[in-house]
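Some notes on the structure that comes next.
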Amino acid sequence: MATMVMERIGRVFISLQQIRGVPRMLTEAAPSMPGTVRDTEVPYYFRERYVCTGYRPLNQNWCYYFLSLFQRHNETINVWTHLLAFFVFLVKLRQLAELVDFVGDPHSWPLLVLIVSSLTYSAFSVTAHLLGGKSELCHYAFFFLDYVGVAQYQYGSAIVHFYYAVDEGLHRLVHGVFMPTAAALSCLSCLGCCYGKYCNHSLPTWVLKVCQVVPSSLAFFWDSSPVAKRLMSWSTASDDPAIIYHFGQVAFFLSCTFFFTFPLLERCFPGRCDFLGQSHQMFHAFLSCCTLCQIRASHLDYVGRRKLYSRLHRSGEAAHFVGLYVVTLVACALIVAFMLRKVKQVLDVKTKSK
């Protein structure tokens, strides 16, 4: 018995030694990790307003950018905020899978689309912020991918709002056009973001913001209209457990929109937010909170409003909306392919002119 106990203690001690050796192994794997550089040492469309230092040098090997996950630079917090959010959404999916029959109940598919789209946008965001600094082409390609993530998440928001949160009056008015319009606005948002990024090599930064914010705002107001109508009747819905989460998602979304549009902290403290305190980091945090509120509200609506939405949405409508989600993804992928081709043409001209 004593021998077995000693063996187990020895195994635990060995495991602890291995864990303590992880930082050393990372260092040995990249013994010459280059340091960060100033904004003047990277192309100007890589630069963030009022962020002066912490940029990773271009054209390093892939290992450097993957290992920079554990390095201090001006994208570290942007990566980790959505990486942690991704794992939280994954845990949420596992929890809901124990309560909801995602296979046998078609009425649960809109909720599944929301969670899948949440996982997708957070994963694409992590990829863009982690790997987008490798080269000019990678910068465009990975951030275009990020915009696909945003667009398909907008559709995921629309489907749960229309399916679970809509009331009979609004349903009569927009039935048949709500989801196709939501899909079209998602594609428009993807196109606007990609075009703004493409033009950012020759036009001021505000052009990028306008191209991103305007289509995304249109999509938000359309996609959230069922929730807005629901919130306007909050005084008569005191027994509605989902209403507080709907308020939460709207408040968090408006907050993240503000921080996305206005680099308030960097502008007030230029050079002091290069690692922590950037407005985009606040945007990531508020967007993740918005999504969590949205998932919770949609699950409560799925449970508590089943009699209503089962009557409003005919048989097979959920499958139709899921199919439209796939069509939206394909359309966004085609938009990215088209814009990436234009980017390559610009970069080829730039290379030949050197």
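Indicate the gyration tensor shape class of the range 250-354 (rounded, prolate or oblate), computed on the Cα atoms with a ≥ b ≥ c the square roots of the eigenvalues: a/c under 1.5 is rounded; otherwise a/b larger than b/c is prolate and the rest oblate.
It comes out oblate by the Cα gyration axes.
Please give the residues of the range 65-96, grouped as numeric ranges, whose backbone N is less than 20 Å from a label point set 7 Å along the Cα-to-Cβ vector of Met33.
Flagged as within label range: 65-84.
When we measure straight from the Cα of Lys209, which aspartates and glutamates land under 13 angstrom away, once same-chain ones fewer than 8 places off are left out?
Glu48
Using θ = phi - 60° and the Karplus form 6.51 cos²θ - 1.76 cosθ + 1.60, what ³J(HN,Hα) does each residue of the range 206-216 get, whole Hz, x for Gly and Pro?
5, 4, 4, 5, 5, 5, 7, 6, 5, x, 5
When the chain is fully extended, how far beyond the present Cα-Cα distance does Ala184 get from Ser315, taking 0.36 nm per residue of separation?
Full-extension gain reported as 44.8 nm.
Amide H to amide H under 5 Å from Val37: which residues, 5+ apart in sequence or cross-chain, H placed 1.01 Å off N in plane?
Gly54, Tyr55, Arg56
Given 0.36 nm per residue, what is the gain on full extension from Asp239 to Glu41 after removing their alpha carbon distance, in nm?
Separation in residues times 0.36 nm, less the Cα-Cα distance, equals 65.5 nm.
Take the solvent-accessible surface of the protein heavy atoms, probe 1.4 Å, and return the percent of it on the range 189-333 that carbon and sulfur atoms account for. Please list the in-between numbers first.
On the way: 5080 of 7060 Å².
Ligands and nucleic acids excluded, carbon and sulfur reach 72 percent.
Could you work out how much longer the chain between Glu98 and Phe70 gets when fully extended? Use 0.36 nm per residue separation minus the Cα distance between them, nm to one decimal. Provide the component values of the computation, followed by the final result.
Working: separation 28, 0.36 × 28 = 10.08 nm, distance 3.40 nm.
Taking Glu98 through Phe70 to full extension adds about 6.7 nm, to one decimal.
Mind grabbing the base-10 log of I(q)/I(0) for the chain at q = 0.11, 0.12, 0.14 Å⁻¹? Debye formula, identical points on the C-alpha positions, no solvent, two decimal places.
-0.81, -0.92, -1.15
Bins of 5 Å, beginning at zero and ending with the bin holding the largest distance: percent of Cα pairs per bin for the range 102-212, please.
2, 12, 16, 19, 17, 12, 9, 7, 4, 1, 0
Taking the convex hull of the Cα atoms, report for the range 74-139 its projected area averaged over all directions, in nm². Present the calculation step by step, with values, prior to reporting the outcome.
Details: hull surface 20.6 nm².
Averaging across all directions leaves 5.1 nm² for the Cα convex hull.
Could you provide, to the nearest whole Å², the per residue accessible area of the range 197-315 with probe 1.4 Å?
On the way: 6110 Å² over 119 residues.
For the range 197-315, the solvent-accessible area averages 51 Å² per residue.
Can you list the aspartates and glutamates whose alpha carbon is less than 20 Å from that of Lys342, not counting same-chain residues fewer than 8 positions off?
Answer for Lys342, where 20 Å is the Cα cut-off: Glu136, Asp146, listed by chain and number.
The values are calculated or read from the model by the stated rules, or taken from the named source; none is laboratory data. None of these values were measured; they are calculated from a predicted model. In this analysis, Cβ positions are derived from the backbone assuming ideal geometry, glycine residues included, and neighbour counts consider all displayed protein chains. Remember, those area values only see protein heavy atoms, side chains included, never the ligands or the DNA or RNA. Shrake-Rupley method; radii C 1.70, N 1.55, O 1.52, S 1.80 Å.
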